[in-house]
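Asker: Okay, handing you the structure first.
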Amino acid sequence: MIYVAWDDEKEFIHGESALEYGSRSLKETWVLLFGWDEDSDLGGKQDESATKFGLEDGEDGIIPKSFPVCDDRHSELIPCLDRNLIYQMRLKLDLTLMEHYERHCPPAERRFNCLIPPPSGYKIPIKWPKSRDEVWKANIPHTHLAHEKSDQNWMVVKGEKIIFPGGGLIFTTELTSTLLHLQIEEIPAYLGVLGTKRLPYPSRSFELAHCSRCRIDWLQRDGILLLELDRVLRPGGYFAYSSPEAYAQDEEDLRIWREMSALVERMCWKIAAKKNQTVIWVKPLTNDCYMEREAGTQPPICRSDEDPDAVWGVPMEPCITPYSDHDHKTKGSELAPWPRRLTEPPPRLADFGYSNEMFEKDTELWQRRVGNYWNLLSPKIASDTLRNVMDMKANLGAFGAALKEKDVWVMNVVAEDGPNTLKLIYDRGLIGTVHSWCEAFSTYPRTYDLLHAWTVFSDIEKKGCSAEDLLLEMDRILRPTGFIIIRDKPPVIEFVKKYLQALHWEVVATAESSSDSDTEGDDFVFVIQKKLWLTSESLRDSE
């Protein structure tokens with residue numbers, strides 16, 4: 001077992017499992033702890049038992065083991081975007097198509113099954129909004145950009161901090177005598193690449209796409225990357241493109257600009273504004289331009305049986321996604337202005353057979369639930385405690401909508417095998433992605449302050465996936481001192497309780513869902529907080 005002792009601010013892991021294994025190789029860790037060598041199945045046996053909720057202690061090995069700590073080198077591990085895994089598995093990928101940057105998840109026998117350690121000297125992150133302008137250098141040990149881009153003054157290393165003089169991750173573009181400031185304010189990151197697969201967003205999700213100092217080859221494969229961008233833009237949506245080709249300094253730039261201009265013209269985009277190195281194109285509001293093109297014009301219109309909202313592992317197609325008859329007739333998406341669209345039934349609600357009344361009841365239900373969550377959390381949080389929040393099973397997005405008055409971002413996750421309600425979430429003015437919780441999420445470790453898991457464990461049990469893997473993944477993406485709210489059946493809550501010490505989590509509150517005055521009175525609400533723990537190397541640095 002792992003023995004722990006902590007003071008008011010830090011939990012220092014004592015004993016071999018943390019202090020020694022933090023600097024050992026992964027193989028050494030597993031051999032010393034469990035007697036397994038590199039040819040053993042590190043995940044299969046756990047997978048089989050971990051999905052059986054409600055078992056008594058001792059049945060089928062359900063008693064949890066202590067989780068070893070991953071090697072310090074893995075403090076920033078993203079399992080499904082791990083280049084080392086690709087090399088080890090000898091995957092035959094087309095590097096010219098960026099396949100090596102796409103998701104490739106480890107099979108059960110190659111999963112790490114260990115706790116991701118914080119980087120050496122890790123500190124509790126600076127709170128928002130100060131974090132927009134400065135972060136702890138130890139938490140983001142990548143200062144090379146400060147030297148490489150020193151002439152652009154993007155980031156400056158100053159003592160123990162990294163300072164962003166422009167206010168965090170920012171770009172500025174001079175356009176029609178107006179300085180356009182668009183700012184990313186600690187948005188929870190989702191990492192991906194325009195390679196061979198569709199982006200994990202439904203059609204008509206974004207009003208604006210932007211590519212700054214853009215070096216993407218948009219002409220490759222018959223313009224397939226630009227056509228994917230077209231798929232996710234709403235009617236009348238914009239693409240802001242900042243690149244040398246936009247002002248054509250030499251013959252090669254001129255050639256690219258001519259070919260790209262011809263491509264977007266065939267796609268029915270028009271220039272909304274152009275100045276210096278920046279051009280902004282606008283997408284048409286209707287299908288009229290598509291229907292007026294000459295026969296055989298490339299790129300073609302997508303087939304009528306092509307689902308523009310299918311995104312999980314779906315290959316991109318070099319074709320134009322037309323609007324539905326409804327959007328064509330209405331010349332747009334008919335979305336209510338913000339913030340009214342957050343609670344007003346979205347136009348695409350009818351695609352799922354949901355009535356306005358069902359939508360409104362769901363919105364009211366989650367307003368009550370979120371109010372109760374905050375009551376349970378209130379002894380532990382202040383107004384600036386939470387910033388990055390994830391709803392692991394977002395459904396219609398009502399959990400995120402209920403947080404409108406909180407100063408938070410919400411990442412809404414929709415299951416890859418259920419109703420693709422993500423387009424309703426985007427219609428509400430929220431952000432999100434499609435995902436399977438049988439796999440790791442495409443984000444950095446320690447990204448979220450709060451995870452909300454509504455029947456997520458029950459769902460993966462039905463799929464036969466490992467609940468232990470899910471616990472480790474939740475721990476990976478949760479910041480130290482962050483919170484988890486699990487809303488699920490009693491056997492799930494009892495299962496999670498057995499792993500609290502191994503994960504260095506502690507109980508904040510437990511409540512019956514009947515307090516929400518809904519129909520799911522047999523569910524329980526279980527609130528957990530992750531403690532800050534440090535490896536031996538981190539301890540030495542902090543001393």
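The values are calculated or read from the model by the stated rules, or taken from the named source; none is laboratory data. Owing to the predicted nature of the structure, the values given are computational and were not obtained by experimental measurement. With ideal geometry, Cβ positions are generated from the backbone for all residues, glycine too; neighbour counts draw on all protein chains shown. The area values use the complete protein model at the heavy-atom level, side chains included, leaving out ligands, DNA and RNA. Shrake-Rupley method; radii C 1.70, N 1.55, O 1.52, S 1.80 Å.
Asker: What are the residue pairs meeting all of these: first residue in segment 288-302, first residue over 18 Å from Ile224 (Cβ atoms), second residue open to solvent by less than 50 Å² (accessible area, probe 1.4 Å), Cβ atoms under 6 Å, and 6 or more apart or on different chains?
Answerer: Listed pairs, sorted by first residue: Cys289/Cys268.
Asker: Considering only residues that are within 16 Å of Arg476 (Cβ to Cβ), under 12 Å from the mean Cα position of the chain (by Cα) and assigned to a strand (DSSP E or B), which ones fall in segment 409-450?
Answerer: Matches in segment 409-450: Met411, Val413, His435, Tyr448.
Asker: Give the number of residues within segment 127-146 that are in a loop (DSSP other than H, G, I, E, B) and touching a residue at least 12 places away in the same chain (Cβ under 8 Å).
Answerer: Of segment 127-146, the ones in a loop (DSSP other than H, G, I, E, B) are 127-129, 133, 140-143.
Filter once more, keeping what is touching a residue at least 12 places away in the same chain (Cβ under 8 Å): 127-129, 133, 140-141, 143.
Here the count works out to 7.
Asker: Moving to a separate point now. Please determine, by comparing only the residues of segment 372-400 that are of a type in the set (S, T, N, Q) and open to solvent by 10 Å² or more (accessible area, probe 1.4 Å), which one is farthest from Arg428 (Cα to Cα). So that I can check it myself, show each step before the final result.
Answerer: So in segment 372-400, the residues of a type in the set (S, T, N, Q) come out as 372, 375, 378, 383, 385, 388, 395.
Applying the additional criterion that residues be open to solvent by 10 Å² or more (accessible area, probe 1.4 Å) yields 372, 375, 378, 383, 385, 395.
On the way: Asn372: 23, Asn375: 26, Ser378: 27, Ser383: 24, Thr385: 25, Asn395: 12 Å.
Filtering first and then ranking leaves Ser378.
Asker: Moving to a separate point now. Looking only at segment 95-107, filter to residues that are assigned to a loop (DSSP other than H, G, I, E, B) and open to solvent by 60 Å² or more (accessible area, probe 1.4 Å); which one of those is modelled with the highest pLDDT?
Answerer: Of segment 95-107, the ones assigned to a loop (DSSP other than H, G, I, E, B) are 98, 102-107.
This time we only want the ones that are open to solvent by 60 Å² or more (accessible area, probe 1.4 Å), so: 98, 103.
Working: Met98: 91, Arg103: 95.
Among residues in segment 95-107 that are assigned to a loop (DSSP other than H, G, I, E, B) and open to solvent by 60 Å² or more (accessible area, probe 1.4 Å), the one modelled with the highest pLDDT is Arg103.
Asker: Okay, next question. Residues of segment 251-293 being at pLDDT 95 or above and on the phi > 0 side of the Ramachandran plot, which ones?
Answerer: Correct list: Cys268 only.
Asker: Then there's this: Got a sec? Which strands (runs of 3 or more DSSP E) wholly within segment 184-294 have at least 3 residues that are among the hydroxyl-bearing types (Ser, Thr, Tyr)? Write out each step before concluding.
Answerer: Working: elements: 206-211, 233-242, 270-275, 278-282.
Output list reads 233-242.
Asker: Here's a follow-up. Consider Asp327 against the criteria (1) in contact with a helix residue (DSSP H, G or I) (Cβ under 9 Å, 6 or more places away or on another chain); (2) in a helix (DSSP H, G or I); (3) open to solvent by 40 Å² or more (accessible area, probe 1.4 Å): it satisfies all of them except one. Which criterion is unmet?
Answerer: Failing condition for Asp327: (3).
Asker: A further question follows. Determine the pairs where a residue that is under 16 Å from Leu386 (Cβ atoms), located within segment 361-373, has a partner that is of a type in the set (Val, Ile, Thr) and surrounded by 17 or more Cβ atoms within 10 Å (Cβ to Cβ) with Cβ atoms under 7 Å apart, the partner being 6 or more residues away or on another chain.
Answerer: Tyr373/Ile485
Asker: Go through segment 209-228 and give me each residue that's open to solvent by 20 Å² or more (accessible area, probe 1.4 Å) and under 19 Å from the mean Cα position of the chain (by Cα).
Answerer: Hit for segment 209-228 is His210, nothing else.
Asker: Looking at segment 108-137, which of its residues are surrounded by 18 or more Cβ atoms within 10 Å (Cβ to Cβ), over 30 Å from Cys438 (Cβ atoms) and among the aliphatic types (A, V, I, L, M)?
Answerer: Matches in segment 108-137: Val135 only.
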